1. Test residue 159 against the criterion of being open to solvent by 60 Å² or more (accessible area, probe 1.4 Å) and under 28 Å from residue 65 (Cβ atoms), and give yes or no.
2. Within the stretch 49-71, is even one residue in a loop (DSSP other than H, G, I, E, B), surrounded by 12 or more Cβ atoms within 10 Å (Cβ to Cβ) and at pLDDT below 95?
3. Which of the residues that make up the stretch 78-129 are under 26 Å from the mean Cα position of the chain (by Cα), open to solvent by less than 10 Å² (accessible area, probe 1.4 Å), closer than 14 Å to residue 192 by Cα and among the small types (Gly, Ala, Ser)?
4. Within the bounds of the stretch 180-190, is there any residue that is within 27 Å of the chain's Cα centre (by Cα) and either buried (at least 21 other Cβ atoms within 10 Å of the Cβ) or at pLDDT 95 or above (or both)?
5. What's the number of the condition residue 138 fails, among (1) buried (at least 19 other Cβ atoms within 10 Å of the Cβ); (2) of a type outside the set (Val, Ile, Thr); (3) on the phi > 0 side of the Ramachandran plot?
6. Can you tell me which residues in the stretch 94-112 are of a type outside the set (Gly, Ala, Ser) and without any contact (Cβ under 8 Å) to a residue 60 or more places away in the chain?
7. What number of residues in the stretch 167-179 are surrounded by 19 or more Cβ atoms within 10 Å (Cβ to Cβ) and aliphatic (A, V, I, L, M)?
8. For the stretch 191-205, which positions are open to solvent by 50 Å² or more (accessible area, probe 1.4 Å), at pLDDT 95 or above and out of contact with any strand residue (DSSP E or B) (no Cβ under 6 Å at 6 or more places or on another chain)?
Amino acid sequence: MNAYRNAYRNADRNADRPVAGAGRGRRVGRVLLAGAAVAALGLAGTAAAQAATGSGAKSTKATPTCSASALKATFGKALAGGMNHQGVVINLRNLSGRTCALRGFPGLGLENSAHKALASHTYWGDTWYAASPAKKTLTLKDGESAEAVVSWSHANTGTSGAVHASYLEITPPASTQHKTLAFPQWVDHGELRVTVLARHITVNE
């Protein structure tokens, strides 16, 4: 009986003792798992970077905005009507030799015969002759053009309430320079109205 009890106690004590190298094996296993996780993250990051680089390489370059020097400004159809209203279609033609884009309203200004700026104000939107279309980006190939409709009134011709202009300044959208066209007109209070630039604008006369 004593031999049986001693054997049982020895077995119980041995069961509580860690097996030699078992803890080290678990630690090694944890290190290997951690290393595998880091490697997996590294591969994932590399794949993401390669995907981003690849997609960036395939993206197309944005079309540059048409500068004032790339455009030729001309007058189109002259417009007339009752109630002392007058107007004209203006055209901006791309002569840069490459594709460029326009979006928005042209800026306008008045000059006297000495090319000095006159007091004026431009309203963007509908005019007497045309409703302003929705604003959109116009991609103009070399030789293509966009147009806008300008209107003003001249009820006070020759009075202090009118501005006598000799030239019209036309500033393309997103530009700091302008084109100049001869414009011998009386403009009430120097007030001009202009539509957004579009491929074509329907005019109501």
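1. No, not satisfied.
2. no
3. Within the stretch 78-129, 109 is the sole residue that qualifies.
4. Checked the stretch 180-190: at least one residue is within 27 Å of the chain's Cα centre (by Cα) and either buried (at least 21 other Cβ atoms within 10 Å of the Cβ) or at pLDDT 95 or above (or both).
5. Evaluating residue 138 over (1) buried (at least 19 other Cβ atoms within 10 Å of the Cβ); (2) of a type outside the set (Val, Ile, Thr); (3) on the phi > 0 side of the Ramachandran plot leaves (3) as the failure.
6. 94, 95, 98, 99, 100, 112
7. 2
8. Quick first cut of the stretch 191-205, residues open to solvent by 50 Å² or more (accessible area, probe 1.4 Å) only: 191, 193, 199-200, 202, 204-205.
Filter once more, so that each one left must be at pLDDT 95 or above: 191, 193, 199-200, 202.
The answer is 199, 200, 202.
The values are calculated or read from the model by the stated rules, or taken from the named source; none is laboratory data. As the structure is a computational prediction, the values presented were derived from the model and not from experiment. Heads up, the Cβs are rebuilt from the backbone with ideal geometry, glycines too, and the neighbour counts pull from every protein chain shown. Please note that ligands, DNA and RNA were not included when accessible areas were found on the heavy atoms of the full protein model with its side chains. Shrake-Rupley method; radii C 1.70, N 1.55, O 1.52, S 1.80 Å.
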